[in-house]
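Report on the following structure.
The values are calculated or read from the model by the stated rules, or taken from the named source; none is laboratory data. These numbers were taken from a predicted model, which means no experiment stands behind them. Ideal geometry is used to build each Cβ from the backbone, glycine not excepted, and the neighbour counts take in all protein chains shown.
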């Protein structure tokens with residue numbers, strides 16, 4: 001088997017084309033078998049195997065820098081660059097990451113996890129190379145979906161201006177080309193972008209310029225003719241206008257063509273964009289037929305393609321169902337997502353209300369300002385975006401929505417620990433980066449039913465609202481509840497107590513409630529509040545209880561800095577309560593690595609046992625031991 005012969009990356013270059021094709025099949029099988037067990041990004045990785053092999057065959061990593069946009073197509077790259085033995089640990093706690101990480105391998109030239117960063121970072125690396133007078137190549141591999149983001153075009157624009165030798169590989173897995181058109185395109189590509197054509201174009205221009213008077217008009221006619229022909233046959237005029245030499249389209253699964261093209265433009269002195277057509281899910285029929293299902297997938301059965309998942313629906317799905325229900329009653333409601341229709345649970349909405357649904361592509365900043373425009377005209381836009389992706393639209397949230405106090409609802413999916421996707425996707429910061437913005441209301445539900453009530457409340461509110469909810473299945477299948485509005489800023493007492501006050505929000509409420517039960521078995525009376533709102537907080541209830549109980553513990557699945565606990569501390573500091581003791585539990589001041597959600601929560605002290613220990617420490621009961629639950633609080 002060819003991959004067994006690759007002890008180091010240089011061995012790849014010794015393989016024949018037939019062996020390289022066999023290697024591609026082996027890599028697809030390895031990826032398929034492992035993702036079926038661990039979960040991960042399947043369709044995108046199966047689609048980029050051949051490009052990965054060709055890149056490593058032609059270029060010399062890690063000296064040459066290959067940057068994988070988004071990074072969710074780097075699995076074969078990891079296997080080929082010394083991580084074959086560790087590949088079984090991908091996305092597992094303590095194992096290798098599912099995305100490129102600069103501290104994991106020198107072959108991971110730049111860390112990625114969000115889209116559209118490759119061109120800008122690659123251009124920065126090239127400029128640093130030239131400043132330091134070094135010699136290596138830089139290749140950015142970007143998908144056609146990532147080109148919908150403005151950042152990608154900002155990078156293209158600057159690269160075209162600098163005219164450095166940046167190589168961009170456009171991995172296009174959406175365009176379908178028939179064999180005849182593909183052959184014609186390949187032929188035109190060889191003529192129009194090869195050395196002969198480049199030389200011909202240059203010499204023709206010089207010749208026409210030397211012809212007095214007639215030369216300039218003839219030159220313009222020739223250029224227009226060339227542009228017309230290339231614009232008709234080759235979809236690359238946009239890139240050429242931006243200053244790139246356009247190459248393609250070429251077959252992204254034909255290794256010999258990829259190698260030939262990369263070799264030909266390896267030393268091209270100006271920016272070049274190589275357009276490769278690929279198929280998501282290549283080699284695995286279920287993923288080829290439904291690539292959106294196998295984009296980010298949990299463990300599944302290879303034979304059938306069916307996923308092994310919880311019987312209960314996810315928070316994303318519950319959110320989508322509630323939104324459809326509310327949209328039936330209110331024609332002003334529209335839904336917006338940024339290339340994550342399935343991921344954010346909006347598939348049902350898109351089918352039910354196709355004229356009220358907008359997928360803007362990977363363009364979070366545009367999504368927010370687009371929503372602001374809709375809201376300014378009386379509609380009720382709901383923007384469903386993952387917590388870490390919403391970070392990319394921060395200025396638009398401040399300037400276009402909150403400053404104008406427009407009624408945009410931000411449905412913040414994947415808030416808190418997300419698990420195996422790791423630090424690029426953990427929603428650890430949204431309370432902190434939103435709480436200090438004027439006009440916005442921030443909510444987090446304790447369960448699936450409260451999510452519905454919060455969505456009803458948000459749509460009824462005449463101003464910006466954010467609802468954050470976690471990744472994963474709900475605790476139980478929700479009942480058909482009446483979607484009653486909540487009072488803005490009003491929390492609820494889940495359990496009365498007199499020894500300690502535990503104030504939790506969102507996904508931290510259930511473990512806090514469980515901790516109160518453990519404390520009760522030790523004779524400790526804990527009052528538990530479901531805060532519901534991170535802004536505004538229920539200052540009256542929290543303040544009055546704090547005056548009576550004196551020991552306050554806040555719990556949240558957000559960083560402590562600037563989070564919900566900080567809001568409580570700020571409020572209580574103004575009340576000048578004598579003898580008040582307060583402890584804030586939340587995520588630490590570091591990026592959280594990948595691993596199972598429950599394991600990470602336990603390690604980070606956000607499970608019931610840790611909350612119990614912190615409560616005992618706060619009230620001076622360190623010596624208590626609850627043997628039944630194996631909880632020991634050390635002195």
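Given the structure, is residue 503 part of a loop (DSSP other than H, G, I, E, B), surrounded by 21 or more Cβ atoms within 10 Å (Cβ to Cβ) and at pLDDT 95 or above? Against the criterion (part of a loop (DSSP other than H, G, I, E, B), surrounded by 21 or more Cβ atoms within 10 Å (Cβ to Cβ) and at pLDDT 95 or above), residue 503 does not qualify. Selection over segment 159-188 of residues that are in a helix (DSSP H, G or I), at pLDDT 50 or above and surrounded by fewer than 18 Cβ atoms within 10 Å (Cβ to Cβ) gives a count of 2.
Out of the residues in segment 310-336 meeting the condition of being at pLDDT 95 or above and assigned to a strand (DSSP E or B), tell me which one is nearest to residue 483 (Cα to Cα). Residue satisfying both the conditions and the ranking: 333. Tallying residues that are touching a strand residue (DSSP E or B) at 6+ places or on another chain (Cβ under 9 Å) and without any contact (Cβ under 8 Å) to a residue 12 or more places away in the chain within segment 112-130 yields 1.
Each residue in segment 518-538 was checked for being surrounded by fewer than 17 Cβ atoms within 10 Å (Cβ to Cβ) and either under 37 Å from the mean Cα position of the chain (by Cα) or under 13 Å from residue 501 (Cβ atoms) (or both), and 2 of them qualify.
Taking helices (runs of 4 or more DSSP H) that do not extend beyond segment 553-635, which have at least 3 residues that are touching a strand residue (DSSP E or B) at 6+ places or on another chain (Cβ under 6 Å), modelled with pLDDT of 90 or more and on the phi < 0 side of the Ramachandran plot? Talk me through it step by step, then tell me what you get.
On the way: elements: 564-573, 597-603, 608-618.
Those helices (runs of 4 or more DSSP H) span 564-573, 608-618.
For residue 378, the conditions (1) touching a strand residue (DSSP E or B) at 6+ places or on another chain (Cβ under 7 Å); (2) modelled with pLDDT of 95 or more; (3) outside any helix (DSSP H, G or I) all hold with the exception of (1). Considering (1) in contact (Cβ under 8 Å) with a residue 60 or more places away in the chain; (2) farther than 23 Å from residue 461 by Cβ; (3) surrounded by fewer than 21 Cβ atoms within 10 Å (Cβ to Cβ), the lone condition that residue 483 does not fulfil carries the number (2). A count restricted to segment 143-158 and to residues that are in a loop (DSSP other than H, G, I, E, B) and closer than 20 Å to residue 249 by Cα stands at 1. Residues in segment 135-150 that are without any contact (Cβ under 8 Å) to a residue 60 or more places away in the chain and over 19 Å from residue 270 (Cβ atoms): 144, 147.
When residue 294 is tested against the conditions (1) in contact with a helix residue (DSSP H, G or I) (Cβ under 7 Å, 6 or more places away or on another chain); (2) part of a strand (DSSP E or B), the lone failure is (2).
Residue 140 - would you say it is touching a strand residue (DSSP E or B) at 6+ places or on another chain (Cβ under 6 Å), within 29 Å of residue 359 (Cα to Cα) and part of a strand (DSSP E or B)? Explain how you work it out, then say what you get.
Values: touching a strand residue (DSSP E or B) at 6+ places or on another chain (Cβ under 6 Å): yes; within 29 Å of residue 359 (Cα to Cα): yes; part of a strand (DSSP E or B): yes.
The answer is yes for residue 140.
Scan segment 83-92 and tell me whether some residue there is buried (at least 21 other Cβ atoms within 10 Å of the Cβ), in the same structural domain as residue 243 (by TED's automatic domain parsing), under 29 Å from residue 366 (Cβ atoms) and touching a residue at least 12 places away in the same chain (Cβ under 8 Å). No, that holds for no residue.
Can you work out which of the residues in segment 240-256 that are part of a helix (DSSP H, G or I) and in contact with a helix residue (DSSP H, G or I) (Cβ under 7 Å, 6 or more places away or on another chain) is surrounded by the most Cβ atoms within 10 Å (Cβ to Cβ)?
Initial filter on segment 240-256 (part of a helix (DSSP H, G or I)): 240-241, 255-256.
Then keep just the ones that are in contact with a helix residue (DSSP H, G or I) (Cβ under 7 Å, 6 or more places away or on another chain); that gives 255-256.
Values: 255: 21, 256: 14.
Among them, the one singled out is 255.
Pull up segment 115-124, narrow it to residues that are in contact with a helix residue (DSSP H, G or I) (Cβ under 6 Å, 6 or more places away or on another chain) and assigned to a loop (DSSP other than H, G, I, E, B), then point me to the one that is nearest to residue 136 (Cα to Cα). So the residue we want is 116.
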